[in-house]
Each structure stands twice: as C-alpha cells, then as structure tokens.
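The values are calculated or read from the model by the stated rules, or taken from the named source; none is laboratory data. Quick caveat, the model's predicted, so the values are computed rather than measured. Cβ placement follows ideal geometry from the backbone for every residue including glycine, while neighbour counts extend to all protein chains displayed. Note: areas computed on protein heavy atoms with side chains; ligands, DNA, RNA excluded. Shrake-Rupley method; radii C 1.70, N 1.55, O 1.52, S 1.80 Å.
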Amino acid sequence: GEWRFASAVAKRLQSLGALTQGDRRATGTGGGTMEAFSIDDKYGSKAADKLFGYIFLKDGGETNEDQMPACVSEHFDGDWDKFCDAAARDLTRGGLDYKSFSQGGGKGKATRDKGGRIKVFLNRVLGVPLDMQGWLVEFFTQLMDEIINKAKLEGTFSDGIVDLAGKIINVIGSETLYECPRTGAKTIQINLETDRGVPWSDAQNILDEHHTYGVENKIDMSDDKSGFFIRNSDKLVVLVLLSRTKTMNGLNCFYHLICPHTGHSSTTLHFRREIQHKHTKCQDLEKAAIDWEKRFNTAATYCSHGEKCKNGRNCGFGKRTKKHHIISGLVLPFWRS
C-alpha cells in the first residue's frame, strides 16, 4: 500500500516541478528522496510485463538461484513453480490475471485500463494476502533493477535531468563552439571528469559515522544490519547501510550500497531479504580491505569487464572516473540539432 501511495505522490510531484520550474526534481523528488519510489515509467512497465510473464506464462526459462526472489528459498523450499502457482492464484483472486493485465493476452500491448499497467498492478496487488504483497513488490523491484542495469550497460538508460555525482569533479577544459555576431552570446562546451570511487579508509569512516548516528537516534544499525558484505555473484566487497529515511510501516527496512568503484547507490534501495540472499557477511576485514583497494585502484583504468573488454578504454561501465560534456550558454538555436 505504501509503495502504491508513494509512487502516485512521486509522479504528481515530478509533474508539478516540471510544469512550474522546468525541473521534475524541483519539488523534492530527486536524488535520494522519493525518486526511488517513482516506478511508473517505461522501466517499471517492462518489469511488470516480465513479472507477469514469469508468474502466469512461466516463460522465464531456466531460472538460476540468484535470479529468484529471496522468498522462494525462504518460504517455498526453493521451488520456483510452487511460488509462481501461489502468486498466480492470489493475483487471480485479487482480480488481476494475465488476460486482464495485458489486453488480448499479448505481452507489451496496452491494457484496457487507460491508467497503465503499473497502476493496475499496484491497485490490484492490494487485494492479495500481505505476505504475498511484499514478495511480489520485492520481485518486481528486483526485475526493475535488472532492466535498468542492463540499459545502463548498453548505454540506453535515460532518467532525464541528473546530478553529476562524484567525490572529485575536475574541469578538464572548455571550448567556445559558437558566438553570435549580433549579441556576442556564446555556446560553450565544458568538459568535466568525475571520480565517484570510495577508498577503504573513507568507507570505514562512513560506517563508523553510521553506527554513531544509530546510537544517537536509537536506531539499530549493528553489524548484522549494516557493514561490509561480499556480493555472491562476483565476490565484490560492498558496504551495506541501513537507510535512515526510507521506512515501511514505521520501520527502517531498506538498505543502500556503497561500492569501491561506483560509490553511493542511494537511489536504489534493497530489501533486507535481498541483501541476505545475494550477499555474505565479511568475516575477514583485512582481506576485505585488500580486495576493496584492489577494485578501487583497478577501476581508475579499466571498466567492470576487465582488460579484455571488447570496447577497450572507451567502455565506461563500472569505471571510477567518468567524462561529461556540458553545453551551456546560447543553446536554444541549436536545440533540435
């Protein structure tokens, strides 16, 4: 229910900011605030299509353990079909089967509800048992994260106006592209380089400050809830922090990650079950420090694909440093080009 409400509010506030100030983040929906709940977009629609394809059509093929939501192993003995059958039964009883979700039974087509697939899904999911609600929303957000990460990897991701994130931002240079002979106004290209990496010493300081904040505000941020973990898929050491602001039913139950090469991911939230399912608690901090620094230093030169990446040095996926080109000044005459 909270996700449905927050999604609707985030969408309305973004529209209001775009109309009144030309920036959809102007009303406080950008960065680490309600942006994480804004799921009514093309990526959310694709995730919903994929979710219903998995549950009703079982067209996911061979689904490995890392792709399954944590609830499958915790509550369904790792039986994927058992989870899909239970989810399909509860959704149908709640008034949403695959046919009503996608007109004519075809994937990717418009629904009868003009409000869109996400609104239909979030409204009808309120009619299923509470446990299943949580599992479905968790699975949905997991699929959406995968789709967004794939789009970023392919260079097709777009989230509109963005902030330049980085611990260090350097101006490499600037160039005047055009100067109006009548007014003297200039079109200027500014070249920036950002470094978003977090060294081990800074990560330790962040964790210490995080624990201090928890003590001062009587929030349980002990090591079993926040700390250094190892991601099971690629053995990457990450810092997991309990979110201070995002709550569900009054409880702090969302987490965000800090990686040595990409820094904070405060706009992507994770459930506790997802952290436990995909990560393992670090037991040897000395080895974790070595692995962290190794990834931190390597990412300054190479992308996440390593030295043998087919795109070579041009690939920026997972690199610490990113180059940005900003066009400023007289831009309206060249907007279409």
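Quick notes
- Three-way shape call for region 261-312 based on the alpha-carbon gyration tensor, with the a/c threshold at 1.5: oblate
- Net charge of neighbours whose Cβ lies under 12 Å from the Cβ of Phe296, counting Lys and Arg as +1 and Asp and Glu as -1: +2
- Working from label points 7 Å from Cα in the Cα-to-Cβ sense, the Glu193 to Asn205 distance is 2.3 nm.
- Surface accessible to a 1.4 Å probe, His325 within the full protein complex, Å²: 130 Å²
- Extended-chain gain in nm, criterion 0.36 nm per residue less alpha-carbon gap, Lys278 and Lys42: 82.4 nm
- Pairs exceeding 19 Å between alpha-carbon atoms, taken from Lys46/Lys99; Lys167/Lys308; Lys294/Lys319; Lys50/Lys278; Lys287/Lys322; Lys218/Lys278: Lys167/Lys308; Lys50/Lys278; Lys287/Lys322; Lys218/Lys278.
- Full-stretch length increase - Thr92, Asn217 - with 0.36 nm per residue and alpha-carbon distance subtracted: 40.7 nm
- Residue-level accessible surface for Thr212, protein heavy atoms, 1.4 Å, Å²: 70 Å²
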